[in-house]
Amino acid sequence: MTTEQDISSLQDNYNLTGKILIAMPFLSDPRFSQTVIYVCGHDSQGAMGLIVNKGLPTVTFKDLLTQMDVTFSESSEQIPVQYGGPVEVGRGFVLHSNDYMSESTVLIENGFAMTATLDILRAMALNQGPRDTLLALGYVGWSAGQLENEIQQNGWLPIEANEELVFGQDLENKWRQALATLGIDPAGLSFEIGHA
């Protein structure tokens, strides 16, 4: 059984900002089945992340720009819109490479940044945005100690992030690819809950 002391110790020793969380196969919440999440921020108050392997095929980049009254060139790239998570699904976030900066851009870790204002959408609409982007609606949030508890209960497997995994377009296979970076076959994962 996880104690408050265990959670406190994890909070003190873990900072998962800039890491990837892989949902374990037996995670009970269907909203997170086989998800891969990039952790944008994590501290003693909680954590925030974006699901990087769930598309939103009913929403297009140009539809989003039109709805927000953002001018775009006819040659602007067709950028996929993804499902970032169940919290504030009407709010957009752009996780991107750090070659684009604005006053509202937040640098994360290891070449990643995030901007959640219209200025980046305007730049992207004119093909002047960052090299790599992930445009997501909604996000995933955890309260203080919640993520640490879920990790202790074997709900998530944290790994190092890399651009190919985060920005890659093969959403259907991204969960298996994330596990494969550790040499793990999903069929071989244990359903036992334990502590190291």
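None of the figures in this text is laboratory data; all of them are computed from the coordinates on show. Predicted model only: the values in this text are computed from it and were never measured. Glycine gets a Cβ as well: all are built from the backbone with ideal geometry, and neighbour counts include every protein chain shown.
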- Note on the structure: Note, Arg31: beta-carbon cut-off 15 Å, +1 each Lys/Arg, -1 each Asp/Glu, net -2
- For segment 4-168, what mean projected area does the convex hull of the alpha carbons give, in nm²? 9.7
- Item | Charge dipole magnitude, Cβ of K and R +1, D and E -1 - the chain, Cα centre, debye nearest 20 | 380
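Counting alpha carbon pairs within less than 8 Å and at least 6 residues apart, what relative contact order, in whole percent, applies to the chain?
Rounded, it is 27 percent for the chain.
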- Please compute the net charge surrounding Ala161, taking Lys and Arg as +1 and Asp and Glu as -1 over other residues with Cβ under 9 Å from its Cβ. -2
- C-alpha center-to-center spacing [segment 153-167, segment 92-148] in angstrom: 17
- Message: Straight-line reach only, C-alpha to C-alpha below 29 angstrom: list the lysines that Lys19 could link to, leaving out same-chain residues fewer than 8 apart.
- Response: Lys54, Lys174
- Task: Mind giving me the nanometre distance, one decimal, between the label points for Gln177 and Leu107, set 7 Å out from Cα along Cα→Cβ?
- Result: 2.7
- Note on the structure: For the chain, whose charge dipole is built from +1 on Lys and Arg Cβ atoms and -1 on Asp and Glu Cβ atoms, the candidate among Tyr38, Thr71, Ile108 with its Cα farthest towards the positive end is Thr71
- Note on the structure: With +1 at each Lys and Arg Cβ and -1 at each Asp and Glu Cβ, the charge dipole magnitude of segment 84-196 around its Cα centre, to the nearest 20 debye, comes out at 280
- Can you give the net charge of the other residues whose Cβ lies under 11 Å from the Cβ of Val94, counting K and R as +1 and D and E as -1? -2
- Residues Thr71 and Asp29, FRET efficiency given R0 of 30 Å [Cβ-Cβ distance, rounded to 0.05]: 0.15
